[in-house]
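As structure tokens, the structure follows; a few thoughts come after it.
The values are calculated or read from the model by the stated rules, or taken from the named source; none is laboratory data. Computed from a prediction, not measured in an experiment: that's the story for all the values here. All Cβ positions, glycine included, derive from the backbone under ideal geometry; neighbour counts span all protein chains shown.
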Amino acid sequence: MTESVLACEPALVEGLPLSIDRDEVLRFQGYKNGSGAPSAEVLELFAEARSLAEALLAPRVAYRAVPAVLARGVIRAGDQSLSVPEIGRLWGTLTHVGVGVCTIGDALEARVADLFSAREFPLAVMLDSVGSAATEHLAESANDRLCQLAIPVGLKVTNRISPGYAGWNVADQRALFTLCPGEPAGVSLNEFCFMTPTKSISFMVGIGPDVRVDHYFTQCRRCWMRDCAYRRAPAPVTYAR
Ligand code: SF4
């Protein structure tokens, strides 16, 4: 278990809050702001899926920090080079990257497969959305915990980014897994850069005393750390429920 944002060996991050946010699940179901309210039937399905999920979630997060240098849009960390578009402009000067691999385990996706086999399609799709939202929230919670660990020791932590998003080549999953193997969390990577269990997220954050975070107000807005003295923006909702 790690209690340091600069943990140099891969370790588990324990005790993270994990909630299933209704609005987030509904977003995975295709509901967007202004696109119509979900019906009572949909909300009933959500309640059933959330209740099912509670016994199926096995959250685990593996994490490690690696000294790093960012120059001309390339992050050199250990023996790996990571090309992330716009990262120099967004993160500025960093001293380390933090690499995490998180998962909710494979029980939920096995249950989704069973439900599809039983032709219980609406519940299967809703449970899958619940799993996706839970995985996202686990990664958010890990990001918040790292920020919380960093501030008292004079460091800052950026928002997380993941291979395959915002123009970052998904092939860099291999580099991330080299820096922080998913094994402690029970996550493996195949030759096509797909993770197993599928409800897994790998991510990287920038760390350093001067790394740019001031424009990342979204991080504080949705952070579960209700009483954080360093909060940069109020949270209109809290995930700690
Ligand atoms: S409220 Fe903001 S500064 Fe405090 S831990 Fe959360 S993200 Fe970090």
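Out of everything in region 194-210 that is of a type in the set (A, V, I, L, M) and buried (at least 24 other Cβ atoms within 10 Å of the Cβ), what residue ends up being nearest to Arg60 (Cα to Cα)?
Going through the qualifying residues, I end up with Met204.
Hey, any hits in region 141-162 for a residue that's surrounded by fewer than 21 Cβ atoms within 10 Å (Cβ to Cβ) and away from the ligand (no atom under 16 Å from the Cβ)?
Checked against the condition, which is being surrounded by fewer than 21 Cβ atoms within 10 Å (Cβ to Cβ) and away from the ligand (no atom under 16 Å from the Cβ), region 141-162 yields at least one hit.
With respect to Tyr165, determine if the residue is within 16 Å of the ligand (Cβ to nearest atom) and among the aromatic types (Phe, Trp, Tyr).
In short, no.
Going by what's in this entry, would Met195 be described as within 14 Å of the ligand (Cβ to nearest atom) and either at negative phi or at pLDDT 95 or above (or both)?
no
Inside region 1-118, counting only strands (runs of 3 or more DSSP E) that do not spill past its ends, which hold 2 or more residues that are of a type in the set (D, E, K, R) and buried (at least 17 other Cβ atoms within 10 Å of the Cβ)?
60-71
Does region 149-162 include one or more residues that are of a type in the set (D, E, K, R), modelled with pLDDT of 95 or more and over 16 Å from the mean Cα position of the chain (by Cα)?
no
Right, Asp128: closer than 25 Å to Ala107 by Cβ and among the charged types (D, E, K, R) or not?
Yes, satisfied.
Looking at Thr103, is it touching a helix residue (DSSP H, G or I) at 6+ places or on another chain (Cβ under 7 Å), modelled with pLDDT of 95 or more and within 20 Å of Val61 (Cβ to Cβ)?
In short, yes.
Return the total of residues in region 176-193 being part of a loop (DSSP other than H, G, I, E, B) and buried (at least 22 other Cβ atoms within 10 Å of the Cβ).
Going through region 176-193 one residue at a time, the tally reaches 3.
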